[in-house]
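Working notes for the structure below.
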Amino acid sequence: MDCCAHEGPGGGDARFDIKKVADGVYAAVASPAYKVNCNTAIIENADGVMVVDTHSKPSAAKVIIERLREMTKKPVRYVVNTHFHWDHWHGNEAYPAAYPDAEIVTNQITREAMLKKGLKRIQDHVRQMPGEIVKLRADIQASSLAQRDKLEAELRLAESYLGEVRALKPALPTIAFEKTMKLYRRDREIHLLHLGRAHTEGDVFVYLPQEKVVITGDAMIGWTPYMGDGYPEDWAGTLDNLAQLDFTHIIMGHGDVTGREWLNTFRSYVHDMVEAVRHEAATGATLDEVKQRVTAKLAPRYEKPFSAYGDYRPWRTGVLANVERTFAMVS
């Protein structure tokens, strides 16, 4: 159970490696996919299971549920959503269907964001996917034989995803907290924390003090962060608050399980990017100039560590989007 590949019927794009992080604590690390899936953390307690984050669609959540039933007969009692982005909660509905007494938990900020932004984005996906499918079909017609298999696989996945997103029955959290919520099980203590704004306004961190494990959602990931709904100027400070906790293992929203050394690198990138954008913006530079200068300044230190996943989520694409988001907020 320390590391075993697991995927759903027919392959699909829901593939996970289950990795033991501590006694009763596992990370289901999602493989790169056409429609990205987040990681899931699994916390098995004496009286039931807590699951953190539920992927981009119910079929992916069902892959984890199938694995859970192989691991334990205990029910899932709590499902935690770390933030409102689609790839972390669109699988929610699978859990109360499989475990009728399961409660879905997040903080009040994130629940409100699901209502105000998340539900709209479901409809955005429904509207946008047919165009994506048309483009894939055209790309297949124009492709070489070497490209065709990959594009045809993506077309099948796109058509399947459209069917799922049209049928979604969004399961919103049933429990919402403000700053902190603590659960005391017979064998474990679990802290749900809001440490400040970072990837979103309401990021939830899950902390296991005895096991020295923290679950970060997308406030930390294994590649360049997405900042489209983020707060770049606050992000490093929120990670400084995280650093005050005593932990040795980090289960991130995406990417492999890591340790505190990645926290230092990730925090430094966010801080240095923001400061570089501030400096260039203060000179009166245009956005295009700022993008070029900041990328050149940061590349020697950050391009390699943020490129561990190769062409998947390339650093230079990510940093340009980060600079644009930050420039709009500081200029």
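The values are calculated or read from the model by the stated rules, or taken from the named source; none is laboratory data. All figures in this text were calculated on a predicted structure; none of them were measured in a lab. Cβ: placed from backbone, ideal geometry, glycine included. Neighbour counts: every protein chain shown. Heavy atoms of the whole protein, side chains included, go into the accessibility calculation; ligands, DNA and RNA do not. Shrake-Rupley method; radii C 1.70, N 1.55, O 1.52, S 1.80 Å.
Can you name every residue in segment 304-331 that is closer than 13 Å to V270 by Cα and among the charged types (D, E, K, R)? If the condition is that a residue be closer than 13 Å to V270 by Cα and among the charged types (D, E, K, R), then R325 is the only one that fits. Six or more apart or on different chains, Cβ under 8 Å: which pairs go from a residue in segment 147-169 that's touching a residue at least 24 places away in the same chain (Cβ under 8 Å) to one that's assigned to a helix (DSSP H, G or I) and exposed (fewer than 13 other Cβ atoms within 10 Å of the Cβ)? Could you list them? Within 8 Å, the pairs are L162/P130. Considering T238, T295, T224, the condition of being of a type in the set (V, I, T), closer than 19 Å to D87 by Cβ and touching a residue at least 24 places away in the same chain (Cβ under 8 Å) is satisfied by T224 alone. Scanning segment 228-245 for residues that are within 12 Å of A321 (Cβ to Cβ) and buried (at least 23 other Cβ atoms within 10 Å of the Cβ) gives G230, P232. Of the residues making up segment 127-143, those that are farther than 25 Å from R166 by Cβ and either touching a residue at least 24 places away in the same chain (Cβ under 8 Å) or open to solvent by 50 Å² or more (accessible area, probe 1.4 Å) (or both) are Q141, A142. So for segment 257-279 (the condition being over 25 Å from V36 (Cα atoms) and in a loop (DSSP other than H, G, I, E, B)), does at least one residue qualify? Among the residues of segment 257-279, not one is over 25 Å from V36 (Cα atoms) and in a loop (DSSP other than H, G, I, E, B), which makes the answer no.
The set of residues from segment 244-256 being within 12 Å of I221 (Cβ to Cβ) and assigned to a strand (DSSP E or B) comprises I250, I251, M252. Could you please find all residues in segment 65-98 being hydroxyl-bearing (S, T, Y) and over 22 Å from L168 (Cβ atoms)? The one that is hydroxyl-bearing (S, T, Y) and over 22 Å from L168 (Cβ atoms): T72. Of all residues in segment 165-195, those that are at pLDDT below 95 and in contact with a Lys or Arg (Cβ under 6 Å, 6 or more places away or on another chain) total 0. Residues in segment 277-320 that are over 21 Å from W262 (Cα atoms) and among the small types (G, A, S) were compared, and the one that is farthest from the chain's Cα centre (by Cα) is G284.
Residues in segment 179-187: is at least one out of contact with any Leu (no Cβ under 8 Å at 6 or more places or on another chain), farther than 25 Å from P100 by Cα and touching a residue at least 24 places away in the same chain (Cβ under 8 Å)?
Checked segment 179-187: no residue is out of contact with any Leu (no Cβ under 8 Å at 6 or more places or on another chain), farther than 25 Å from P100 by Cα and touching a residue at least 24 places away in the same chain (Cβ under 8 Å).
The set of residues from segment 84-126 being part of a helix (DSSP H, G or I), in contact (Cβ under 8 Å) with a residue 60 or more places away in the chain, open to solvent by less than 10 Å² (accessible area, probe 1.4 Å) and within 15 Å of D203 (Cα to Cα) comprises H88, T110. Taking the listed residues D272, D229, D256, the one that is among the acidic types (D, E) and in contact with a Gly (Cβ under 9 Å, 6 or more places away or on another chain) is D256, with no other qualifying.
Please tell me if G196 is part of a loop (DSSP other than H, G, I, E, B), open to solvent by less than 10 Å² (accessible area, probe 1.4 Å) and either touching a Leu at 6+ places or on another chain (Cβ under 6 Å) or closer than 28 Å to E324 by Cα (or both). Against the criterion (part of a loop (DSSP other than H, G, I, E, B), open to solvent by less than 10 Å² (accessible area, probe 1.4 Å) and either touching a Leu at 6+ places or on another chain (Cβ under 6 Å) or closer than 28 Å to E324 by Cα (or both)), G196 does not qualify.
Working only within segment 3-47, note down all residues that are assigned to a loop (DSSP other than H, G, I, E, B) and modelled with pLDDT of 95 or more.
Filtering segment 3-47 for residues assigned to a loop (DSSP other than H, G, I, E, B) gives 9-10, 23-24, 31-39, 46-47.
Within segment 3-47, D23, G24, C38, N39 meet the criteria.
Applying the condition of being open to solvent by less than 30 Å² (accessible area, probe 1.4 Å) and in contact with a strand residue (DSSP E or B) (Cβ under 7 Å, 6 or more places away or on another chain) to segment 255-292 and asking which residue is farthest from I18 (Cα to Cα) yields L263.
Scanning segment 48-83 for residues that are open to solvent by 10 Å² or more (accessible area, probe 1.4 Å), in a strand (DSSP E or B) and without any contact (Cβ under 8 Å) to a residue 60 or more places away in the chain turns up just one, R77. Those residues that are touching a helix residue (DSSP H, G or I) at 6+ places or on another chain (Cβ under 9 Å) and either loosely packed, with under 13 Cβ neighbours inside 10 Å or more than 18 Å from Y34 (Cα to Cα) (or both), I need them from segment 144-158; list them, please. If the condition is that a residue be touching a helix residue (DSSP H, G or I) at 6+ places or on another chain (Cβ under 9 Å) and either loosely packed, with under 13 Cβ neighbours inside 10 Å or more than 18 Å from Y34 (Cα to Cα) (or both), then Q147 is the only one that fits.
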